[in-house]
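Peer 1: Handing you a structure now.
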Amino acid sequence: MFLAGAATVDSCLITNNLSDSAWWPERGLGGGVYVTADGCSILNSTIVGNRAAHKGGGIYSTKNSLVVKN
């Protein structure tokens, strides 16, 4: 799931995803969720079993403002 604008993810199951790049490993980011925008929240959700070739198997965020609450 790619969040490039303000968004709220609520009551979701994010599972068994893969972010991979055979030619450029730095592109293998955020297997479950990749966040590049302010104003994003993940609420009451389960993120499990996701993988990334480089960083952030479950969540990778370029912003410090990401809110994650259960």
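Peer 1: Give the residue, chosen from Lys63, Lys55, that is open to solvent by 80 Å² or more (accessible area, probe 1.4 Å) and of a type in the set (Lys, Arg). Don't jump to the end; show me each part of the working.
Peer 2: Values: Lys63 fails: open to solvent by 80 Å² or more (accessible area, probe 1.4 Å).
From the options Lys63, Lys55, the qualifying one is Lys55.
Peer 1: In addition: List pairs: first residue in segment 1-16 and more than 14 Å from Cys40 (Cα to Cα) and open to solvent by 90 Å² or more (accessible area, probe 1.4 Å), second residue in a loop (DSSP other than H, G, I, E, B) and not β-branched (Val, Ile, Thr) anywhere in the structure, Cβ distance under 8 angstrom, at least six positions apart or on different chains.
Peer 2: Between residues of segment 1-16 that are more than 14 Å from Cys40 (Cα to Cα) and open to solvent by 90 Å² or more (accessible area, probe 1.4 Å) and residues that are in a loop (DSSP other than H, G, I, E, B) and not β-branched (Val, Ile, Thr), the close pairs are Leu13/Ser45; Asn16/Gly49; Asn16/Asn50.
Peer 1: For segment 34-46, does any single residue satisfy the condition of being on the phi > 0 side of the Ramachandran plot, in contact with a Phe, Trp or Tyr (Cβ under 6 Å, 6 or more places away or on another chain) and surrounded by 15 or more Cβ atoms within 10 Å (Cβ to Cβ)?
Peer 2: Checked against the condition, which is being on the phi > 0 side of the Ramachandran plot, in contact with a Phe, Trp or Tyr (Cβ under 6 Å, 6 or more places away or on another chain) and surrounded by 15 or more Cβ atoms within 10 Å (Cβ to Cβ), segment 34-46 yields no hits at all.
The values are calculated or read from the model by the stated rules, or taken from the named source; none is laboratory data. Predicted model only: the values in this text are computed from it and were never measured. Because the Cβ atoms are built from the backbone with ideal geometry, glycine has one as well, and the counts that use them run over all protein chains shown. The accessibility values were calculated without ligands, DNA or RNA, using every heavy atom of the protein model including side chains. Shrake-Rupley method; radii C 1.70, N 1.55, O 1.52, S 1.80 Å.
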